[in-house]
1. Output the residue which, of all residues in segment 167-214 that are part of a loop (DSSP other than H, G, I, E, B) and among the acidic types (Asp, Glu), is modelled with the highest pLDDT.
2. Could you tell me how many of the residues in segment 194-203 are in contact (Cβ under 8 Å) with a residue 40 or more places away in the chain and surrounded by fewer than 19 Cβ atoms within 10 Å (Cβ to Cβ)?
3. Within segment 39-52, which residues are modelled with pLDDT under 85 and touching a Gly at 6+ places or on another chain (Cβ under 8 Å)?
4. Answer yes or no as to whether residue 56 is among the hydrophobic types (A, V, I, L, M, F, W, C), surrounded by 11 or more Cβ atoms within 10 Å (Cβ to Cβ) and modelled with pLDDT of 90 or more.
5. For segment 106-137, how many residues are under 15 Å from the mean Cα position of the chain (by Cα) and either more than 16 Å from residue 82 (Cα to Cα) or modelled with pLDDT under 85 (or both)?
6. In a loop (DSSP other than H, G, I, E, B) and either of a type in the set (Gly, Ala, Ser) or at pLDDT 60 or above (or both): does that describe residue 63?
7. Among what's in segment 73-104 and is within 18 Å of residue 45 (Cα to Cα) and not in a helix (DSSP H, G or I), pick the residue that is modelled with the lowest pLDDT.
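The values are calculated or read from the model by the stated rules, or taken from the named source; none is laboratory data. Note that the structure is predicted; figures quoted are calculated from it, not measured. Cβ placement follows ideal geometry from the backbone for every residue including glycine, while neighbour counts extend to all protein chains displayed.
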Amino acid sequence: MIVETAERLPFVIDKFRDAVHALVGTRSGVIDTDTGQRRVVGDSLYQTMRDSVAGLVRDTTGSKGWRSTPPLWLDAEQWIDDVDREVRTWHHDGTGPDHATVNRLHALAELGWRPQDAQWLKDATRFLWSWVAKADNLLDGDTKHRFDLVSPCPSCGVATVRRRDSAGEWVRQAALQVDSNGCTCANCETTWGPSHFALLASALGCELPEGVLE
């Protein structure tokens, strides 16, 4: 294993911090109002997912305030559980059960890292971006651009996984899930970005789906 050089470490840390912010940092955007456009600051993606479990999510358009989601939304509840459980293994400090994950991630982002920590940071960054992609898909409710890649994951070798759907039923799906954000293994959480689709397809011995790189 090649140890990351000290010169390369700041780049790896910045990527990790970007991923932390994407998950637990506040989000801003521009909304249309009667008097024109206005920039607003919204809840973090993590907080939005916590709110969605209770059946209420702030409308990102700013025009309706709040919108309802299915009560006891099990997909979101499972997402929260997956994130909290994994982050707990990264950092054991945290204040309060409702904020421990957020505090842990912010604390990790500010730690002093060594060159030999670079691989862990890269792995953690992949976890974080895979959670962001999953949360965005759940909140958008957009499945028409997502499809199963029926092939064993090159990283863990698992082809299918069992999970509970939003109705609470156990269903089996392909471990590899592909959308515009990339390909994520539902078993080991390894993620390949769109720029690595060609390499992934070559490793799997399959052709790229039409338009997947568009």
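1. 189
2. Of the residues in segment 194-203, 1 are in contact (Cβ under 8 Å) with a residue 40 or more places away in the chain and surrounded by fewer than 19 Cβ atoms within 10 Å (Cβ to Cβ).
3. 39, 40, 42
4. No; evaluated as a whole, the condition is false for this residue.
5. Here is the first cut: in segment 106-137, the ones under 15 Å from the mean Cα position of the chain (by Cα) are 122-137.
Subset that is either more than 16 Å from residue 82 (Cα to Cα) or modelled with pLDDT under 85 (or both): 122, 137.
Qualifying residue count for the region: 2.
6. Spelling it out, residue 63 is indeed in a loop (DSSP other than H, G, I, E, B) and either of a type in the set (Gly, Ala, Ser) or at pLDDT 60 or above (or both).
7. It comes out as 98.
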